[in-house]
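The values are calculated or read from the model by the stated rules, or taken from the named source; none is laboratory data. In this text, all values refer to a predicted model and were calculated from it rather than measured experimentally. Here Cβ is always computed from backbone atoms with ideal geometry, including for glycine, and neighbour counts include all displayed protein chains.
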Amino acid sequence: MEKLDRLGWAAGISFRAYGVRVGIRTTTPDVLPLIYPLLPPGWKPLSRPVVDYLYSFIVGGKGPASIRHFHIVYSGAVRLARTTDLDQALRLLELDLHFYIAERARHRVFVHAGVVGWQGRAIVIPGRTWSGKTSLVRSLVAAGASYYSDEFAVFDASGRVHPYPIALGIRDEHSGLPNKRTIAELGGIVGTRPLPVGLIVFTQFHPGARWRPRQLTPGGTVLELLRHTIPARREPERVLKTLSAVASHAPALMGHRGEANDLAVGLLEWLGRLKRHSAHAKRRASSGLSVGSGCSSPLAP
Amino acid sequence: MFPRKREEGLIVHELAEETLIYDLKRHRAYCLNRTAALIWRYCDGLTPLAQMKELLSRELGRDIEDWVLQRALQQLDRAHLLQRDGGEATNPVRRQALKRVGKFAVAGSLSALLPMVRAIVAPTAAQATTGVTRAQCQDFPPGQCPNLPCTDRPGRRCLPSGGRNQRCDCRG
């Protein structure tokens, strides 16, 4: 790190996101306009350049006699990238930066998940890469849901989910690598306010699969959410409390699915029915009528 | 000797009908259903098994057989949620009883009362986030390895394997 500190740093930014202070220093100011769009949603500049963590970006490019110099990116003292491809260097910086924030965010718990909003409730779709969650998010947005994220569900202590609307990483059919597309490009709308969770869907794409989910208990839901929770080992007590708040108020379904478009409409309809069922039960309770054992629930879509 | 629950190094969080436990030493999370949670609570080192069975029967509203209790204690012991003295579980779990437990076919409403202890290993930050299995890594086209963590090869990332064709593999 001392060697890095001795290099000539011409420019940089320092900002706060989710309670974490991060700095990015560069050897030329020309690259900063490319870095700003990569920052986490809701970031705010710091008035003083005192940070918890520092990235260093050595900008390469063509030198004398057409010699190409590498772009080199450091995360702290660890080298992240050494490449002549500027896009790749920026992509790796972005990935690591979001990952760092997700692990160390204060007052929020980050779960690797897609999220959409529908009629005042959120649908949360936890899953790793290649599980097909971006396809399902995209289908839900196309069916009218508002876009919250295809990367992280950001939960507060009361179990509400906050928007984290970075561009969707839609996988290229040929290369298999994600191409970034904004929701505006896809004709969708972006959610702006935190929502209570209405439904949690654990699913993976299998060609030809039929959607026949089973419903999880709240405890089972917490365990399954924990599998995808970034700070699970770092802050287990806070994580358990937050995930319990989420699981205590929202049903969770688990099963394989076929094409995303086929499932998306069904999920939105089911969430709408669930909301009407809950409102009806509350009205009956307030009127003094029996609401039964409380064990009945609308059938899964 | 009566079974005693382990308390050191555990975070316990109660839900309405279930209990969540996080083992800080092993980084494992457990979900105990109501029956298992009640039995674990009774394991205070002072309560004999006969009394536990009576308490459980009263709480669940039906007679509970010995093997239900034994099964729960076996599960709790395997999950390291009971204290051990000198490497031996303090609960008097008898081998013959445990063998019989496995042979019972459970039907009807009793299945809902069976003790259940479900466990997962808490992921590291890298394992929880964008990552690929080794098989997925090897599917990437040569020269386009994504430099993502390999979720089934801790500490390794999906990188070019070297050589002329630059195929992707999980490397340290």
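Just a yes or no: is a residue in region B:125-139 more than 28 Å from the chain's Cα centre (by Cα), assigned to a helix (DSSP H, G or I), more than 9 Å from chain A (Cβ to nearest Cβ) and modelled with pLDDT of 75 or more? Yes. The residues on offer are A:142, A:89, A:157, and the sole one that is surrounded by fewer than 19 Cβ atoms within 10 Å (Cβ to Cβ) and in contact with a Ser or Thr (Cβ under 8 Å, 6 or more places away or on another chain) is A:157.
Any idea which residue in region A:110-120 is farthest from the other protein chains (Cβ to nearest Cβ), counting only those that are more than 11 Å from the chain's Cα centre (by Cα) and buried (at least 20 other Cβ atoms within 10 Å of the Cβ)? That would be A:118. Among strands (runs of 3 or more DSSP E) entirely within region A:60-160, having at least 1 residues that are among the hydrophobic types (A, V, I, L, M, F, W, C) and more than 30 Å from residue A:13 (Cα to Cα) singles out A:109-118, A:121-126. Across region B:1-47, the number of residues qualifying as part of a loop (DSSP other than H, G, I, E, B), farther than 16 Å from residue A:222 by Cα and small (Gly, Ala, Ser) comes to 2. Applying the selection to region B:39-50, what residues are surrounded by fewer than 20 Cβ atoms within 10 Å (Cβ to Cβ) and at negative phi? Once the filter is applied, which keeps residues that are surrounded by fewer than 20 Cβ atoms within 10 Å (Cβ to Cβ) and at negative phi, region B:39-50 yields B:41, B:44, B:46, B:47, B:48, B:49, B:50. The condition of being surrounded by fewer than 16 Cβ atoms within 10 Å (Cβ to Cβ) and either under 30 Å from residue A:79 (Cα atoms) or at pLDDT 75 or above (or both) holds for residue B:155.
Can you name the residue in region A:221-265 that is acidic (Asp, Glu) and within 13 Å of another protein chain (Cβ to nearest Cβ) and, of all such residues, is farthest from residue B:128 (Cα to Cα)? Selected residue: A:237.
In region A:203-220, the residues that are more than 14 Å from chain B (Cβ to nearest Cβ) and touching a residue at least 12 places away in the same chain (Cβ under 8 Å) form Cβ pairs under 7 Å with partners that are charged (D, E, K, R) and not in a loop (DSSP other than H, G, I, E, B), at six or more places apart or across chains, as follows: A:203/A:257; A:209/A:257; A:211/A:257. Among the residues of region B:1-60, those that are in contact with a strand residue (DSSP E or B) (Cβ under 7 Å, 6 or more places away or on another chain) and aromatic (Phe, Trp, Tyr) comprise B:22, B:30, B:40.
Beta carbons closer than 7 Å, at least 6 apart along the sequence or on distinct chains, pair a first residue in region B:60-77 that is closer than 22 Å to residue B:21 by Cα with a second that is surrounded by 15 or more Cβ atoms within 10 Å (Cβ to Cβ) and among the basic types (Lys, Arg) for B:69/B:53.
Closer than 19 Å to residue A:167 by Cβ and not hydrophobic (A, V, I, L, M, F, W, C): is that true of residue A:53 in this structure? It is false that residue A:53 is closer than 19 Å to residue A:167 by Cβ and not hydrophobic (A, V, I, L, M, F, W, C). Residues in region A:133-150 that are touching a helix residue (DSSP H, G or I) at 6+ places or on another chain (Cβ under 7 Å) and under 21 Å from residue B:136 (Cα atoms): 3 in all. Cβ-Cβ contacts under 7 Å between residues 6 or more apart (or on different chains), taken from a first residue in region B:1-25 that is more than 17 Å from residue B:75 (Cβ to Cβ) to a second residue that is among the acidic types (Asp, Glu) and at pLDDT 95 or above, are listed as B:9/B:23; B:11/A:237. Count of region A:25-40 residues, restricted to those that are outside any loop (DSSP other than H, G, I, E, B) and within 22 Å of the chain's Cα centre (by Cα), is 5.
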